Structures are given as structure tokens and as C-alpha cells.
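Encoded as C-alpha cells, the structure appears first; notes follow it.
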Amino acid sequence: MIHAENERSTACTLRGDAYALTHERYEWGQHYTSSDVVDLMLSFALPDGKGPVLDPATGGGTFLVRAYARKKHLIPDQTHQERLKELFGVDVSHFAATMATVNLAIRKLEFEDNYPRVKARSFFRVQPDEEFMRLPSGTETEATQTPIMLPPMRAVVGNPPYVRLHKLGEDRQREVEKILGRGARIRAPKRISRLANYHLYFWFHAAQFIQPNGSVAFLTSGEWLDSDYGAALQLWLLDNFKIHAFIESGAEAWFSEARVGTVVTVATHCGDEAERNANDVRFVTLRRSIRDLIGNSENEAEHIQAVDRLRDRILLLSGADESDDLDWSVVRQRDLIQLGKQ
């Protein structure tokens, strides 16, 4: 895997223009994410490793590469090509999409049909019932292009851009506003504040791609939990999902360069109101880095097992308390719904 720091330096070398790359990432609010927090998010969203995964803001491909590693550990009988067929990425940046494609393809280079499903396109121009991309098929002498459709996703995971929508221009504003009030199964709110951060729209659109009982796990700025513009997202999540956890860190930054407080939110679609009401929502602050909490194993299998033990520990939390490495408060979702409607 190309880690975050190497990913940045490699990107600048390949591009030959460090300023242009930095400016693009600043403009779009793009940041490369620590693999440890990615592994923890995937542990929640894809516990058994099974099913298709979509990253709607894939960047250099960290979420997809780590999902590949998780599948390889939990489903060892899968082939390289079978794993690639379950991993989908989208990024508005052609350069980022290329990096993600390369980082997935190099998991195994000996295969001729080594085609990651990563598309350079705005996520909001991708629809679940439309052709996603075309990939080569057939022999070298009889090459054809096979249309690829997006299957319903077991999980949508990622680190959507952190940027105020008004900074992206009128075209992008019109693009995301088209999704409001839409959705065949999980309808987006009809309106949200124009002060909202761009990442809110990723939640609403991501929900159109998940299976029934599929999960969404996003790493975002945490301000939506305390802001007026975030109220629409809060109520939408409470009305459509079981929220497993909000996780913050007081010990480390989870991605490069951004100077905002971040939160991991993990939620699973649930159409049963009684089940949602009875769900426990965990508010967790990590007092130590994830690597300190899970240990520093060089063995991939041991590393993933340690991440899963941390996930299980979080899921078993109850009440409100603190320890040397965690602070937590567990609240019944029905109580949060009542607070949200006051």
C-alpha cells in the first residue's frame, strides 16, 4: 500500500507540478486519510468482508486498498479479480482516480485482466441505475468494451471533501441541489441550508447506492453535529439509520493537513422504526492513537484482528464513563430523536 506521506510525494513527482496538485486539493477540500482509521471504519461497515464497497471521493484509494486487504484476510478464497469486482471508486480529480487505479492494480500485477473499477467523475453525476464505466474484455485480438453497472452496495465509505459549497461555484451548486428531495428508498431532505458543507450532500446521495441494511461510514469535519446547517443531516440519519457510533480522537489527526476537528460516523440503514428507536448510539473520544490501542503488528491478519477487537470493545460500551484510553457516552436513539425534534 502507498501510505499517505508517500502518496503525496509520489503524486507531486508524477505530476511534476507540486503547486497545481496542492491547489487542486485545497480547492476541493481533499485530504489523504490515515490507514488506521480507515481500517476501523471498514471494520464497522464491512464486518465480515463480504459485499461490494463504494468510495465516492476515493482520492489516492486508501479506503479501497484497505477494503481489498480486509477481503483478502476474511475471504481468502476470493481471487484478485473477484475482489476488484467488489470495489468501486469515484473521484472528481482525474489524477486522484488514476492513483487509486494504480494502487489497486498493484495488489497483483501478474494478471492480464487487472482492471480496477475507478471512475474520474463527480459523484453527483453517477446514478445507481446507469452505466458506471466500460472495461476491456476478450482477447488482445478481439478486444471489446464491457459495460459495468454499480450493484447495490454493502457499504459506502470515505472521506468526502470538506469545503463550503459556495466556494465550488454555481455549476457544482446546481449539481448537488438536484439530489434534494429525491431517492427511491431513502429520500433526501427537500432543502438544507446554503451554508452547509459539501460533505452533507455525499450522505444523501450515498444512501441511494446501498443495499437494504447497508452501511455508510464517513470521516468528516465534526461541525455538523453542533451547527444549524447540520440539523437536516442529523434528523435524516435518525429517521433512516441505526447510528452505531460517533468517534473522535483527542490524540491524533486522522488525515493530512486539514485543521478541523473530525468525526467518524457509522450508520446502517434500518427501515424498522422500533429497531431504530431501541438502538444504542455511542459517542466515543479516543484518548490514545488507534495504533496505540491496537498495537503495532507487522502481520496483516493480526492487525485486522486487533482492529476488530477495538470495534467490538466500542460496540460493548454502555452508560457514560471514561478510562485511560476512552471517553464515552451511550444514548438510546429514541432519546436523540426526541432531542432533535425539540
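The values are calculated or read from the model by the stated rules, or taken from the named source; none is laboratory data. Note that the coordinates shown come from a computational prediction; the quantities given were computed from them, not determined experimentally. Here the Cβ positions follow ideal geometry from the backbone for every residue, glycine too, while neighbour counts run over all protein chains shown. Please note that ligands, DNA and RNA were not included when accessible areas were found on the heavy atoms of the full protein model with its side chains. Shrake-Rupley method; radii C 1.70, N 1.55, O 1.52, S 1.80 Å.
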Exercise. Does region 250-258 contain at least one residue that is assigned to a helix (DSSP H, G or I) and either farther than 16 Å from Leu336 by Cα or hydrophobic (A, V, I, L, M, F, W, C) (or both)?
Worked result: no
Problem set entry | Residues of region 162-177 satisfying the condition of being open to solvent by 20 Å² or more (accessible area, probe 1.4 Å), in contact with a Ser or Thr (Cβ under 9 Å, 6 or more places away or on another chain) and not hydroxyl-bearing (Ser, Thr, Tyr) | Arg172
Exercise. Does region 136-146 contain any residue that is in contact (Cβ under 8 Å) with a residue 40 or more places away in the chain, under 30 Å from Gly183 (Cα atoms) and of a type outside the set (A, V, I, L, M)?
Worked result: no
Seminar exercise, completed: Filtering region 147-175 down to residues that are in a strand (DSSP E or B) and charged (D, E, K, R) yields Arg154, Arg164
For this session: Return yes when Ala258 is within 22 Å of the chain's Cα centre (by Cα), at pLDDT 95 or above and either open to solvent by less than 40 Å² (accessible area, probe 1.4 Å) or not hydrophobic (A, V, I, L, M, F, W, C) (or both) and no when it is not.
Result: no
For this session: Search region 287-303 for residues that are within 16 Å of Glu248 (Cβ to Cβ) and pair each with any residue that is open to solvent by 80 Å² or more (accessible area, probe 1.4 Å) when their beta-carbon atoms are under 7 Å apart and the residues are at least 6 apart or on different chains.
Result: Arg287/Asp324
Seminar exercise, completed: Gln208 fails exactly one of (1) of a type in the set (S, T, N, Q); (2) touching a helix residue (DSSP H, G or I) at 6+ places or on another chain (Cβ under 9 Å); (3) crowded, with 21+ Cβ neighbours inside 10 Å, namely (2)
For this session: Could you figure out which of (1) open to solvent by 20 Å² or more (accessible area, probe 1.4 Å); (2) at pLDDT 95 or above; (3) in contact with a Gly (Cβ under 7 Å, 6 or more places away or on another chain) isn't true of Pro151?
Result: (3)
Problem set entry | Considering residues of region 176-196 that are of a type in the set (Val, Ile, Thr) and part of a loop (DSSP other than H, G, I, E, B) only, the residue farthest from Trp236 (Cα to Cα) | Ile179
For this session: Output the number of residues of region 209-249 satisfying the condition of being touching a strand residue (DSSP E or B) at 6+ places or on another chain (Cβ under 8 Å), not charged (D, E, K, R) and not in a strand (DSSP E or B).
Result: 7
Problem set entry | Residues located in region 9-49, provided they are at pLDDT 90 or above, touching a His at 6+ places or on another chain (Cβ under 9 Å) and either open to solvent by 40 Å² or more (accessible area, probe 1.4 Å) or not in a helix (DSSP H, G or I) (or both) | Gly49
Exercise. Taking into account only those residues within region 114-145 that are open to solvent by 80 Å² or more (accessible area, probe 1.4 Å) and at pLDDT below 90, which is nearest to Glu82 (Cα to Cα)?
Worked result: Gln145
For this session: Answer yes or no: is there a residue in region 50-58 that is of a type outside the set (Gly, Ala, Ser), farther than 18 Å from Ala100 by Cβ and modelled with pLDDT of 50 or more.
Result: yes
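Every residue, every condition in (1) within 23 Å of Phe218 (Cα to Cα); (2) at pLDDT below 95, yes or no:
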site: Thr265; (1), (2): yes, no
site: Val284; (1), (2): yes, no
site: Glu298; (1), (2): no, yes
site: Ile337; (1), (2): yes, yes
Exercise. Within region 76-96, is even one residue surrounded by fewer than 16 Cβ atoms within 10 Å (Cβ to Cβ), within 19 Å of the chain's Cα centre (by Cα), in a loop (DSSP other than H, G, I, E, B) and in contact (Cβ under 8 Å) with a residue 60 or more places away in the chain?
Worked result: no
Exercise. If we scan region 298-308, do we find a residue that is among the charged types (D, E, K, R), open to solvent by 30 Å² or more (accessible area, probe 1.4 Å) and not in a helix (DSSP H, G or I)?
Worked result: yes
Exercise. Using beta carbons and a limit of 6 Å, which pairs, at least six apart or on different chains, have the first residue in region 178-204 and surrounded by 15 or more Cβ atoms within 10 Å (Cβ to Cβ) and the second one of a type in the set (S, T, N, Q) and in a strand (DSSP E or B)?
Worked result: His199/Thr220
